[in-house]
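Notes to accompany the following structure.
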Amino acid sequence: MFLAMDNDLSSLRTWMEIDLSAIRHNLRVVKECSGEGTKAMLVVKANAYGLGMKAVCSLLEEEEFIAYWAVANVSEARYLMEIGTDKPIFILGPTHPGEWEEIVHNGWTSFLSSLEQLEGMLSLISNNPKTLNFHLGVNTGMGREGVQPMGALSFAKRFAELEEKQSPIVRRLNVDGIGSHMPVADEDSDFTKEQIKIFEQISRQVGELMPLKYKHIANSAGVVGWGSSCGNLVRPGLLIYGHNPMGKNSSLPIKRVMSLKSRVTLVSKLPEGEGVSYGRDYITSRPTKVATIGIGYADGYPRQLSNKGADVVIQGQRCPLLGRVTMDQIVVDVSHLDSVEEGDEVELFGDTISVEEVAKKADTIVWDIFTGLGNRVTRVYSNNDMPDPSMN
Ligand SMILES: *Cc1c(COP(=O)(O)O)cnc(C)c1O
């Protein structure tokens, strides 16, 4: 369910508050720290990291800085087509032969990672009039996609050969760029610097044999660390959605976009020696006032937070999580609050508790927390740039 912020939120149980103007702000920040003339392939995979692909794409559709929307796979590309967009759609992950016909038919762009894939796609368009849009993927350290650096030259030579023969099919090959991916942009700057150098070298050599409009390698961490020296297209995701993967090592003015809220559904008093939640891992050591809250791991509040010292915020005060996170509910200690009531708002993360704190305690990363937030969580959008409120 989607709502605008000026709706009455009092009937909501669990929701995300999403500040669309902060998304716009973050896009501007990314633009400023990318090189002159650089464009973006905005990563909106995984339902725009849980914030809503339709809301994000409608909000930013007119931004000229964005050259492509990037999705992970064919089903996300389909969804984006349904939403409707005039921008080209790029599929980030490798695709399998069973998907190619649909990709070519819809004019989506994807990475090609081998000569075999090129040949396969060529035979597909040899008996159909469509254009094949692709970027050459090169593996420079991630190991999950792209030709090896040496293979990039063979690929480009095959392309040049087709061109030399003036093969009519060449006119229906639209090679729009070359790309690679950074495995440690937020962890190892020596490796990343070397990686960028190698990528530039390959791009230059390939560019002599194949026309290349875009060269791209930077994810969010790459943009923060090396934005102005990373080709002419950046691929930010998390940074746009309000979290800087470089943390305190970066002073980039990225604004938080999202907070996760729920409500107290029951306040009760438990005597000393009472167990709380599955497994009875937690036993009260004194009479304890507890609040039951309407969020659980099925909403994306990580079960791994069980017994890890996590807090939630009620009335501006931290309240410790007791026992295990269950599918639909959690229980917190509110003994120190005077007047907690059923229906009170609860912050799981936001102003007081950072999503990073939650990710750390759950022994995972912020990307995982964002994309794990489930369908039961109502997306509530604030700001006057509100896109079509009928979106689902
Ligand atoms: C997901 C993804 C990105 C975006 O990563 P962030 O760290 O969220 O910026 C960029 N490039 C590729 C290939 C990806 O798969």
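Structure summary
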{"quantity": "Pairwise centroid distance, computed over Cα atoms, of the stretch 90-104 with the stretch 327-348, Å", "calculated": "47 Å"}
{"quantity": "Å² per residue, accessible surface of the chain at 1.4 Å", "calculated": "45 Å²"}
{"quantity": "Using alpha-carbon coordinates, inclination of helix 97-106 to the longest axis of the chain, degrees", "calculated": "80 degrees"}
{"quantity": "Rg over Rh, two decimals, the chain (C-alpha only, Kirkwood Rh)", "calculated": "1.05"}
{"quantity": "Acute angle (nearest 10 degrees) that the helix 20-33 long axis makes with the longest principal axis of the chain, alpha-carbon atoms", "calculated": "40 degrees"}
{"quantity": "Interchain or long-range residues, amide H under 5 Å from Ala40's placed H", "calculated": "Ile66, Ala67, Tyr68, Val234"}
{"quantity": "Interchain or long-range residues, amide H under 5 Å from Asn383's placed H", "calculated": "Met5"}
{"quantity": "Residue-averaged 222 nm ellipticity for the chain, from DSSP H runs of 4+ at -39500 (n - 2.57), nearest 500", "calculated": "-9000 deg cm²/dmol"}
{"quantity": "Cα centroid of the stretch 1-27 to Cα centroid of the stretch 169-196, whole Å", "calculated": "35 Å"}
{"quantity": "Carbon plus sulfur fraction of accessible area for the stretch 126-225, probe 1.4 Å, in percent", "calculated": "47 percent"}
{"quantity": "Shape category assigned to the stretch 21-64 from the gyration tensor of Cα positions, a/c cut at 1.5", "calculated": "prolate"}
{"quantity": "Helix 149-164 vs. the chain, principal-axis angle (Cα, 0 to 90°, nearest 10)", "calculated": "50 degrees"}
{"quantity": "Cα-based shape type of the stretch 301-392, given that a ≥ b ≥ c are square roots of the gyration tensor eigenvalues and the cut on a/c is 1.5", "calculated": "oblate"}
{"quantity": "Candidates Asn244, Asn47, Asn127, ranked by Gaussian network fluctuation over the chain, Cα under 10 Å, top entry", "calculated": "Asn127"}
{"quantity": "Charge dipole magnitude, Cβ of K and R +1, D and E -1 - the chain, Cα centre, debye nearest 20", "calculated": "520 debye"}
{"quantity": "Lysines whose Cα lies under 18 Å from that of Lys308, excluding same-chain neighbours fewer than 8 positions away", "calculated": "Lys360, Lys361"}
{"quantity": "Cα gyration tensor, the stretch 158-270 - rounded (a/c under 1.5), prolate or oblate", "calculated": "prolate"}
{"quantity": "Residues of the stretch 298-325 with amide N under 18 Å of a point placed 7 Å along Cα→Cβ from His336", "calculated": "307-323"}
{"quantity": "Relative contact order %, the stretch 146-281, counting alpha carbon pairs below 8 Å whose residues are six or more apart", "calculated": "19 percent"}
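The values are calculated or read from the model by the stated rules, or taken from the named source; none is laboratory data. For clarity, every value in this text was computed on a predicted model and none was experimentally measured. Please note: Cβ atoms are built from the backbone with ideal geometry, for glycine as well, and neighbour counts cover all protein chains shown. Each accessible area value is taken on the protein alone, full model and side chains, heavy atoms only, with ligands, DNA and RNA left out. Shrake-Rupley method; radii C 1.70, N 1.55, O 1.52, S 1.80 Å.
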